[in-house]
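**Student:** Below is one structure. I have some questions about it.
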Amino acid sequence: MKQLYMTHPIFPVPNIKRTAEFYVKNLGFDSVEYLDSLEPHICLYRDDIEIILTDSKGKRVIPNRELYGYGYDVYIIVNNQEELQKDFEDKGLKIVRKVSITDYNNKELVIEDIDGRYLGFGVKLDVSGRFDL
């Protein structure tokens, strides 16, 4: 019986409204503000993905690759990387790594968001090179 269902990454950001606008305008998310709550935040939604933005109190975002030498800040499972890449390129987003197959057999696309975080869009491939969802 499945017990774990999904996850919602929480991103502290220095300018919560600016980051939300970036995700809505460039990545196709919808935004719902909870800025008057005890813990102000904005929820971003697209398909089954939710990202929660919180206020970093002006502190700079330090991406995983800076803290630890490598790594993305979120990994989103998708199987339409080429379509996303074209959309992101058309919008002038910073593509860190174009669609490619990694040495750990994932098909991935990596972009950088407005706060310097790396967003990975990928899927594990099975031994035949097909999506393994």
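**Student:** Taking the condition of being modelled with pLDDT under 95 and in a helix (DSSP H, G or I), how many residues in the stretch 33-80 meet it?
**Tutor:** Number of matching residues: 0.
**Student:** Regarding Gly122, is this residue surrounded by fewer than 17 Cβ atoms within 10 Å (Cβ to Cβ) and either within 22 Å of Phe11 (Cα to Cα) or not assigned by TED's automatic domain parsing to the domain that holds Tyr5 (or both)?
**Tutor:** Numbers: surrounded by fewer than 17 Cβ atoms within 10 Å (Cβ to Cβ): no; either within 22 Å of Phe11 (Cα to Cα) or not assigned by TED's automatic domain parsing to the domain that holds Tyr5 (or both): yes.
So Gly122 does not fit the description; no.
**Student:** Could you please find all residues in the stretch 1-47 being out of contact with any Asp or Glu (no Cβ under 6 Å at 6 or more places or on another chain), closer than 23 Å to Lys91 by Cα and among the aromatic types (Phe, Trp, Tyr)?
**Tutor:** Listed by number, the residues that qualify are Phe11, Phe22, Tyr23, Phe29.
**Student:** Let me ask something else. From the list Phe88, Phe121, which residue is under 17 Å from Thr19 (Cβ atoms) and not in a loop (DSSP other than H, G, I, E, B)? So that I can check it myself, show each step before the final result.
**Tutor:** Details: Phe121 fails: under 17 Å from Thr19 (Cβ atoms).
Within the list Phe88, Phe121, the selection yields Phe88.
**Student:** For the list (1) closer than 16 Å to Phe121 by Cβ; (2) surrounded by 14 or more Cβ atoms within 10 Å (Cβ to Cβ); (3) among the aliphatic types (A, V, I, L, M), I need the number of the one condition that Ile101 fails.
**Tutor:** The single condition Ile101 does not satisfy is (2).
**Student:** Which one of Arg46, Arg60 is among the basic types (Lys, Arg) and in contact (Cβ under 8 Å) with a residue 40 or more places away in the chain?
**Tutor:** Arg60
**Student:** Against the definition (surrounded by 12 or more Cβ atoms within 10 Å (Cβ to Cβ) and in contact (Cβ under 8 Å) with a residue 24 or more places away in the chain), how does Asp55 come out, yes or no? Full working, then the answer.
**Tutor:** Working: surrounded by 12 or more Cβ atoms within 10 Å (Cβ to Cβ): yes; in contact (Cβ under 8 Å) with a residue 24 or more places away in the chain: yes.
Judged against the criteria, Asp55 is a match.
**Student:** Also: Can you name the residue in the stretch 7-31 that is of a type in the set (A, V, I, L, M, F, W, C) and in contact with a Ser or Thr (Cβ under 8 Å, 6 or more places away or on another chain) and is also surrounded by the fewest Cβ atoms within 10 Å (Cβ to Cβ) among such residues?
**Tutor:** This residue is Ile10.
**Student:** Run down Asp73, Asp90 and say which single residue is surrounded by fewer than 14 Cβ atoms within 10 Å (Cβ to Cβ), closer than 21 Å to Lys107 by Cβ and of a type in the set (Asp, Glu).
**Tutor:** Among Asp73, Asp90, only Asp90 is surrounded by fewer than 14 Cβ atoms within 10 Å (Cβ to Cβ), closer than 21 Å to Lys107 by Cβ and of a type in the set (Asp, Glu).
**Student:** To continue, here is another question. Please find, among Tyr23, Tyr45, Tyr72, Tyr68, the residue that is assigned by TED's automatic domain parsing to the domain that holds Gly122 and either among the aliphatic types (A, V, I, L, M) or under 15 Å from the mean Cα position of the chain (by Cα) (or both).
**Tutor:** Among Tyr23, Tyr45, Tyr72, Tyr68, only Tyr72 is assigned by TED's automatic domain parsing to the domain that holds Gly122 and either among the aliphatic types (A, V, I, L, M) or under 15 Å from the mean Cα position of the chain (by Cα) (or both).
The values are calculated or read from the model by the stated rules, or taken from the named source; none is laboratory data. Worth saying up front: this structure is predicted, and the values here are computed from it rather than measured. As a convention, Cβ positions derive from the backbone with ideal geometry for all residues, glycine included, and neighbour counts pool all protein chains shown.
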